[in-house]
Amino acid sequence: MPAPTTVPAGAASAPPGAAALARAVLHAEWIKLRTVRSTFWSLLTAALLTLATGAALCLLTRYAARELEPADRAALDPTATSLSGMVLGELAMVLFGVLAASGEFATGMLSTSVQAVPQRGLLLSCKAAAVFTVALLTGCATSLTAFLTGQAVLGDLATSLTAPGVLRAVLGGGLYLAMLALFALGVATALRHPLLALGLLVPLFFLVSPLLGALPATARFAAYLPDAAGSHLTEVHPPADGLGPWPGFAVLALWVAAALATAYVTLRARDVRQG
C-alpha cells in the first residue's frame, strides 16, 4: 500500500507566483478602467475632438490651397493636416490619464488596492500598462480614422498610407496620445488630486509650451517639452532644425519615465489614506 502523500502546512494557501500575481493585478486594473464611466467619455471625447478638428482644418486647407502657388501646394503635409485635431484630442486623453489615477484617491479605493497588492511598484506598473494599452488602441484607431477622413476631405491634395513615412506618422499619432495619457497618469499619481494635476498639465500643454515655442529666446527649450517633442511623431516631413520623430519620442519617453518614477516614490513614501 503506497504511503500517504504529506502536504506541507500552508501549501494549499501558498501565494501565487509572480507571473500569476501580475496577471491578476493587470486584470483587476482593466476591470477598474472598464467599469468607470469617465473612461468611456474621456476616450470618446478625445476621438471626436481629433476627428472633427482635423476634418475642419482639412476642409479649410483644401479651399485655401486654391490660392497657393504650385510650389506652396507641394509643400503641404496632408498627413499632418488630417492629424492636427490631436492638439485638442490630447486634452481629453490627458483627462483620461488623470482620472485613471485620481479616482482611487478620491474614493479611498487605493487603500483597498494596496491591502490586496502590497507591492506598490507592481500595482503602479499594472495600472500604467492598462492605461497605456487602452490609450494606444484608442489613439491608433482615432489617428487612422482621422487620417482617412482628412484625406477624403482634402481631395486632390490627399496622400495614401503607402506613401513614404505616412503609416509611421499615423501610428505615431496613436503612440503620441498613449504616451501623454501615461505622463498624465504619473503626474496625477504623484499629486494625488485631479484638479492639481489638470491645473499643471493643461497650462503646460496649452499655454506654456505654445508661448515658449513662439519666442525666439525660448524656442529651443520649448522643443524639449513633452507635447512639443512627441508631436514630431505625426510629421511625415519633419523640419530640418527639429528633433525628428524618434528623437522626439525619446524625449517624451524620458518625461514619462520621470513622471512614473516620481509617482512610484510618492506612492511608497506616503500613506495611501492621506489626501
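A few remarks follow.
- Scanning region 190-209 finds one or more residues that are in contact (Cβ under 8 Å) with a residue 24 or more places away in the chain, outside any helix (DSSP H, G or I) and open to solvent by less than 40 Å² (accessible area, probe 1.4 Å).
- When Val153 is tested against (1) buried (at least 22 other Cβ atoms within 10 Å of the Cβ); (2) in contact with a Cys (Cβ under 8 Å, 6 or more places away or on another chain), just one condition goes unmet, and that condition is (1).
- Scanning region 239-266 for residues that are surrounded by fewer than 20 Cβ atoms within 10 Å (Cβ to Cβ) and at pLDDT below 85 yields a total of 4.
- Check on Val114, out of contact with any Ser or Thr (no Cβ under 8 Å at 6 or more places or on another chain), modelled with pLDDT of 90 or more and not in a loop (DSSP other than H, G, I, E, B): no
- Unmet requirement for Leu137, which otherwise passes all of (1) closer than 22 Å to Ala47 by Cβ; (2) buried (at least 16 other Cβ atoms within 10 Å of the Cβ); (3) under 13 Å from the mean Cα position of the chain (by Cα): (2)
- Any chance Trp246 is farther than 30 Å from Ala163 by Cα and part of a helix (DSSP H, G or I): no
- Taken over region 215-236, the criterion of being open to solvent by 20 Å² or more (accessible area, probe 1.4 Å), part of a helix (DSSP H, G or I) and hydrophobic (A, V, I, L, M, F, W, C) is satisfied by Ala219, Phe221, Ala228.
- Filter result for Gly150 (touching a Leu at 6+ places or on another chain (Cβ under 7 Å), on the phi < 0 side of the Ramachandran plot and modelled with pLDDT of 85 or more): no
The values are calculated or read from the model by the stated rules, or taken from the named source; none is laboratory data. Since the structure is predicted, the reported quantities are computational estimates derived from the model, not experimental observations. As a convention, Cβ positions derive from the backbone with ideal geometry for all residues, glycine included, and neighbour counts pool all protein chains shown. Side chains are part of the model used for accessible areas, which takes the heavy atoms of the whole protein and leaves out ligands, DNA and RNA. Shrake-Rupley method; radii C 1.70, N 1.55, O 1.52, S 1.80 Å.
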